[in-house]
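Below is one structure; the comments refer to it alone.
The values are calculated or read from the model by the stated rules, or taken from the named source; none is laboratory data. Treat the numbers as computed from the prediction; the structure is a model and nothing was measured. Ideal geometry is used to build each Cβ from the backbone, glycine not excepted, and the neighbour counts take in all protein chains shown. Ligands, DNA and RNA are stripped out before the accessible areas are found, and what is left, the full protein with its side chains, is counted by its heavy atoms. Shrake-Rupley method; radii C 1.70, N 1.55, O 1.52, S 1.80 Å.
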Amino acid sequence: MGLEKILSVAGKPGLYKLITQTRTGFVAESLLDGKKISVGLRSNVSVLSEIAIYTLDEELPLREVFVKIQQKEDGKKTSISHKDEKIKLEEYFFEVLPNYDEDRVYASDIKKIIQWYNILVDKGITDFSKKEEDVVEAKEEAKSEIEAEDK
């Protein structure tokens, strides 16, 4: 399962997996305790695949930040907790992403990223490179179509 089905719901702790859509919103399952909730259309919901982190030269998709954390931690949970002091969180994040924009990425954002990463690793959701695979697949399909036209 990719980040396209993982949600953050404002006012609710942790992350949620999208189960199904309804007329009035959708049903999601908590990755923390497995409880299902219904979320209305007016709720503030973020899909993890659509979130990006500010760097000094661009916005980096959250999945790429997760990949960098995964490489640093050898696929395991982070060496620090999301509850650590602000300075420790910032030092850790600077090691992971040296060019992040310190003026626009707050300690609260870093806490969420670390917490989300650890939740995903706990649940075995560790394939953060899906976007690149989609691009490669699309290129291969286009190449096959061109080759078929040439024949």
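General observations
- Integer Hz, Karplus 6.51/-1.76/1.60 couplings in order for the range 49-57, x for Gly and Pro: 5, 9, 8, 10, 10, 6, 10, 5, 10
- Modelled spin labels at E90 and S38, positioned 7 Å past Cα toward Cβ, are 4.5 nm from each other.
- Check: the chain dipole with +1 on Lys, Arg Cβ and -1 on Asp, Glu Cβ, in debye: 1200
- Protection proxy ranking, highest mean first, for peptides 21-31, 113-123: 113-123, 21-31, where packing is the per-residue count of other beta-carbon atoms within 10 Å, averaged.
- Pairs from K35/K88; K5/K88; K36/K68; K36/K88; K12/K83; K35/K86 whose Cα-Cα separation, in the structure shown, is over 29 Å: K35/K88; K5/K88; K36/K68; K36/K88; K35/K86
- Entry comment: accessible area of the chain is 64 Å² per residue, from protein heavy atoms only and a probe of 1.4 Å.
- The fraction of accessible area contributed by carbon and sulfur in the chain is 46 percent, rounded to a whole number (1.4 Å probe; ligands and nucleic acids excluded).
- For the chain, the alpha-carbon coordinates run over 63, 42, 28 Å along the three principal axes, in decreasing order.
- Directionally averaged projected area (the range 1-44, Cα convex hull): 3.0 nm².
- This model, with +1 at the C-beta of Lys and Arg and -1 at the C-beta of Asp and Glu, gives the range 1-84 a dipole about its Cα centre of some 540 debye.
- Within the shell defined by Cβ-Cβ distances under 13 Å, the residues around V121 carry a net charge of 0, with Lys and Arg each +1 and Asp and Glu each -1.
- The chain: most fluctuating residue of R63, R42, R104 per GNM, C-alpha cutoff 10 Å: R42
- Using θ = phi - 60° in the Karplus curve 6.51 cos²θ - 1.76 cosθ + 1.60, the 3J(HN,Hα) couplings for the range 11-26 round to x, 10, x, x, 10, 10, 9, 5, 9, 7, 9, 10, 5, 9, x, 7 Hz; x is entered for Gly and Pro.
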